[in-house]
Structure formats: structure tokens, C-alpha cells
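Here the structure is laid out as C-alpha cells; the discussion comes afterwards.
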């Protein structure tokens, strides 16, 4: 039995990766893994921000499954829980407060680090990737040390790409040595442009995107270090690594910044790679898949019986995957109430057709992602397929209201 | 005397020094003790009471905050010992917020339904919304139910010094804490000194002391709770394993609960959450 690692990267857009067509060389290490990977070209997040997406990634269920989202509902099953019951060692290392122990995400982990007890830098509300790596390496060496060890499931999550977009000079120099912006200027840009979702000045939006890309480059070095740690312990060959993001980030594509309650590709398209050193060659899979498929895939990799509550399907073996439409949902989480369930939004996608529904406005959109990848041309009133897709989405709308 | 007994005696002696220094600096009537029913403030109270008995001093008044989400076990434990130890105990409760929430947890509290003091406090923490949920996880609710009641008590009784059961090893942020911490007066907060006599105790030493001196504690600790807060936000760390039998050294005390919730909320706000 192999170990399984789920490596998630916060706010990483699919098209920031070289292996997904980005030409800027920001992810040279991840790109170099491709001959041992299955790359999913149509991976979809089940929500556009952390709270909406992580129920999919770790519990194979949807954000609004139990009405108003507070902590992790007791009904949800975290991937760590069935694994721990089956005797697999489970460990988690991350620094995202939305999914910290306080909100219930620490269930089923033998080791759970969420950084909430640790100090963070004044302007950056999370622990950097190199510290996550140190903690992960320490844990790995203590667990694996000398010969026999129990198979493990390790989840690690890097936050570094997430705003406030204040990369260290070292990484700026790797991508854009001519960039002279100081840290306080970066912070100003974050405070006065990004936080205000002000896209009126294209130069500022371009600068934010540049800083974001520098963080992507930075994170690629963390992924490389992590793989190095597995190699050093000689367990890379015994470990399957799933790489994904929770959501993307917007740079004015639909009039906004960061990641709010929207369902367009810049937020929903998810990079998804399954790395296995034993593979003969790389493979590209164009099937439409969802992040809710990741927990069942992990269960499958450990050879365990399916978990009934999981709503996704195992991605492996590839040929057996049940092709279906994919869903996502979110609410306006920037409202003063800290999440307004009265302002809810949903999407449903089949092949390259996507419908989006804003329930509080009762407004529908539909896009043909093949003909219109930037989702600018709403065809909901003209497409013959609109009614069919709307019909499939409707049962999920406000299903907590009975 | 075993090593353990010796160690506990030394730790208590240090605490007693802090308490005696306090009685030198303040009049008894200007002092108060915070007591939550938990193990730390309970140990502090027990030590202060020892000093008072030994030195023939009246025990200062005791305050506790009723967050409206209290474990029955804690309530019963406190009532029992308040009587047995003859404490001058005051339960502080922000009834105005409870009334505005219709007496229900999770219910929305409309700012306009609150009294002037609570509205002023909301302004102080820069809350600008029209409503917030009356829940233990909410930063706003927590502030009004706890911090505000604490400040109001200080003001009402003209308290100059208040004992707290904080420990340095609880969290990284407390490593630098001093036994006496002066809180400067600011808007809605009267000046006062916070006194922390058990600052140097580790979690393990706290339990050793309870054991050696047979100090009474709340039964929830026998069920596996390690840290007690509001009922809906505290969780059992290890079911059926008494707090002192758990692996205190290698696991986190506050895994089931967070007093540093405010730190978490601050991080959430920095990430864009309102």
C-alpha cells in the first residue's frame, strides 16, 4: 500500500501553471513532474473561496449542504476520519484560519497543525510555506525513521499565494528583478486597490497580478522542497501525491479582484495532478471532474471500501470514472454578517456548458466555455440546452429551505 | 516529601509571594478575583484563599462572567464552593444582549435593540453592521458578553487590582507576561492592574498541585475536557480520559477550545472576512 499526500495550494489559478499552458515559467518544478502525472484539464472547484471549496476537497460534500455554514457540520465526514479508523496514520499541516481546529476541521487527524497558536507576521495572517515544510519534514522524519512505518495520509496546504501579495525580494528577483516596489508599497496596493476591489486602474491590477505570479513562483520552490524531503527519506517511490488548489483568484476578468462569490473560470478552474513515480508516462485526462472526487480517490488509493456519505466518485482507475455534471455553490461572504446565506450563487457544468444562478436576484447566466472561454457572452436565452442544465441545477438551490 | 510534592510546594510558594505583594500594594476592598470555574482560576482562588487564611486577611470579592452558554456542571460546581468557601461572588451577565437576541443562541442581535453602552462598545471595536449573530464564535458577541462585562465590573466596584488565572505556557503570546500588568485607562476601560499569581505553572504542574493538595475541580475534567469555556465551543479532548491523564506535553491544551479566538478572528479579518 502506498502513502497518499494531498498537497493543496490556496488561491492557485489553473492557468498560472506551465503544465496548463502558462508561458511565464512560474512552475518549472511542478511542470517537470508531468511524465509521472495524470493531469486533469477540466478540474472544477466546488466553490470560489476557501470555506466554499474545502468541504469538497476534504469531505466530498457541498458548502451549503446543511444550511447556514458555521463550523464543520458534524454530519460531514472528513477524509481523515475513515482513514484513521482503518489504521492509516493521518497528519495535516496548514495555516488557513477558515479550516482550523476551532471550526471543527481537526477531526480524525493523528497530527493536526493549523498554526493558530503560533505568531504570524504583522501584515501576513498565515505561516509561510517554508515553515509548513519544516513542520512536515520533522513529522515525516519522526514517522518514517528507520525501516518499518505505518502507511500515512498527509495533507499539507500552502497559503503563500493568497493576498496580501507581499513577496520577499528573493522571489521578486526570480521573476521580475527590475521590479522596485517596496513591501509597504505592496501593502498599500493591497489595502487601497485589492481590498476595495478597485479595478479602475489597469496598471495597478497588472501590478497585483505580477505580485501574485511571484508568489506562484515562490510556491513552486516549496513544492520542490517538499518532494525533496520525500526523496531524502526514500519514500517518494511509495507515495502518491495529489496536487490541487482550493480556488483561483480574479484580476479584473469579471470586474473584481481576489476571490468573491463568483463562479467564473478564473476562480473555479482547478489544477489537479496525481503524481505517481511508478507511472511509465504522463497522461492527460479531459474528463470534467470536481474537487468532491478527491476524497473518494484517496479512499480508493488506500484500497478501502467507499464512504457512502461522499458525493464524489473515485478518479481512479481513469476508465471507470462516472462522468457527470459538476456543481458548486457559495454565498456573499463579504457582507457585514460574515456570510449572507440570502445572497447565494450556484453553478452547474456539463462538458463545456456552464449555467450560473444567483438566487437572490433570480438571475441566470450560461456560457459555452469552448467558444467563449472568458465567459463574456451570456447565452442563457438563446441556447437550446439552457433549460436542461437549469433543470439539473434547480434542485440544489436553497435546498435547506423546506 | 516526593519530588512532585516538593515541586508543587515551591510553585505555590512563588504564587503566594505574588499574592502577598498584592496585599501590600492594595487595600483588600480595591481587589477582585476572576473565577471561571476552570482549573487555572480555581487554583489561583485556592492559593489566594490560603494566603488570606494564613495572614488573617478578608478574601477579596470574586467575579465570574455568565456568557449565557454555561455548562450546568460548572455552574453547580461554582455554586457549591461559593457557599462552602463563603465567597462574595457576583455573576456578571450582559442581559441587554441576551434580551436583544430573544434569549436564544444563534439568534440575530440588531444593533438598534441594544442599549447605549453596548452600542458604544461596538463602535469601539469598529463594528459597523446592523446586526450580528448571538453566538460563541462571533467576535462581536464574545466582546459584548465577556470583555464588556469585565470592564463594567471594574468600573462598578472601582477595582484597582484584579487576580487572573493566566499561565505562560497556555500560548506563545503569553511567554513575555509579567505577574503585574498595568492596563492603562482608555475609552470605556478604567485603569487597573491585572495580577497573575499562577503565571509560572505549567498545565502539568496545575494538575499535580490539584492532586497533591486535593483541591476540588469541576467534574467535566474527568470526562476528558482539558480546557473549559462556553458550552457550545468547548470540546472533549480525549473522551473518558481525565485531563491529567492525557498527553499534556505533546498535544495542545486548547485543541477543544480557543481563548485566542480573537487572534483567529483577526486573521480572518485580514483575509477579507468581515
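Each reported figure results from applying straightforward, stated rules to the coordinates on display, with no laboratory input. Note that the structure is a prediction, hence the values are computed from the model and not measured. Cβ atoms come from the backbone with ideal geometry, glycine included; neighbour counts cover every protein chain shown.
Taking B:189, B:48, B:12 as the candidate residues, the one with maximal mean-square fluctuation in a Gaussian network model of chain B, Cα springs under 10 Å, is B:189.
What is the Rg over Rh value, at two decimals, for segment A:209-357, using alpha-carbon atoms and the Kirkwood definition of Rh?
Numbers: Rg = 18.0 Å, Rh = 18.0 Å.
Answer for segment A:209-357: 1.00.
Segment B:176-255 and segment A:186-202 have their alpha-carbon centroids 43 Å apart. Rounded to the nearest 10 degrees, the inclination of helix B:39-55 to the longest alpha-carbon principal axis of chain B is 50 degrees. At q = 0.10, 0.13, 0.14 Å⁻¹, what is the base-10 log of I(q)/I(0) for segment A:3-321 according to the Debye formula with one equal point scatterer per Cα and no solvent? Please give it to two decimals. Taking Cα atoms of segment A:3-321 as identical point scatterers yields -0.54, -0.94, -1.10. In the elastic network of chain A, a GNM with C-alpha springs shorter than 10 Å, the most mobile of A:95, A:363, A:115 is A:363. Each label was represented as a point 7 Å from its Cα along the Cα-to-Cβ direction; for residue B:13 and residue A:123 these points are 5.1 nm apart.
Summarised in one figure, the compactness ratio Rg/Rh of the protein assembly as shown, Cα atoms and Kirkwood Rh, is 1.00.
In deg cm²/dmol, rounded to 500, what helix-only [θ] at 222 nm does chain A give when every DSSP H run of at least 4 residues adds -39500 (n - 2.57) and the total is split over its residues?
Details: 10 runs with 102 residues, N = 402.
So the calculated ellipticity at 222 nm is -7500 deg cm²/dmol.
Every Cα-Cα pair in chain B was counted, and those over 34 Å apart are 19% of them. Taking every C-alpha pair closer than 8 Å and separated by at least 6 residues, the mean separation divided by the residue count of segment A:68-214 gives a relative contact order of 22 percent. Dimensions of segment A:100-172 along the principal axes, based on C-alpha atoms and rounded to the nearest Å, stand at 42, 32, 18, largest first. For residue B:249 and residue A:148, a Förster radius of 25 Å and the Cβ-Cβ distance give a FRET efficiency of 0.50, rounded to the nearest 0.05. A Förster radius of 45 Å, combined with the Cβ-Cβ distance separating residue B:242 from residue A:320, puts the computed FRET efficiency at roughly 0.40. Helix B:261-270 sits at what angle to the longest principal axis of chain B, using alpha carbons and giving 0 to 90 degrees rounded to 10? With both axes taken from Cα atoms, the answer is about 40 degrees. Equivalent ellipsoid of segment A:162-207: semi-axes from √(5λ) of the C-alpha gyration tensor, largest first, are 20, 11, 8 Å. Applying 1/(1 + (r/R0)^6) with r as the Cβ-Cβ distance of residue B:155 and residue A:278 and R0 = 51 angstrom yields a FRET efficiency of 0.15. Summarising the label geometry, the points placed 7 Å from Cα in the beta-carbon direction at residue A:201 and residue A:181 lie 1.1 nm from one another.
Could you work out the relative contact order of segment B:1-146, using alpha carbon pairs under 8 angstrom and six or more residues apart, expressed as a whole percent? The normalised contact order for segment B:1-146 reaches 17 percent. Note down the Stokes-Einstein diffusion coefficient of segment B:69-207 in µm²/s, whole number, using a Kirkwood radius over alpha carbon pairs, 37 °C, and 0.692 mPa s. The Stokes-Einstein estimate is 190 µm²/s.
Given the rule -39500 (n - 2.57) for each run of at least 4 DSSP H residues, summed and divided by the residues of chain B, what is its mean residue ellipticity at 222 nm, to the nearest 500 deg cm²/dmol?
Details: 9 runs with 102 residues, N = 274.
So the helix-based figure for chain B works out to -11500 deg cm²/dmol.
Axis of helix B:3-25 versus longest Cα principal axis of chain B: the two differ by about 60°, to the nearest ten degrees.
In this simple spin-label approximation, residue B:188 and residue B:75 carry label points 7 Å from Cα along the Cα→Cβ vector, and these lie 2.7 nm apart. Beta-bridge orientation, chain A: approximately 55 percent antiparallel, per DSSP, counting only bridges with both partners inside.
Length, then width, then depth: along the principal axes, the Cα atoms of segment B:1-87 run 39, 35, 20 Å.
Provide the gained length on full extension for the span residue B:93 to residue B:269, in nm with one decimal, where the gain is 0.36 nm per separating residue minus the Cα-Cα distance. Let's see the in-between values first.
On the way: separation 176, 0.36 × 176 = 63.36 nm, distance 2.73 nm.
Between residue B:93 and residue B:269, full extension yields 60.6 nm more.
Can you pull a Stokes-Einstein diffusion coefficient for segment A:15-169 at 10 °C (1.306 mPa s), Rh from Kirkwood over Cα pairs, as a whole number of µm²/s? Result for D is 90 µm²/s.
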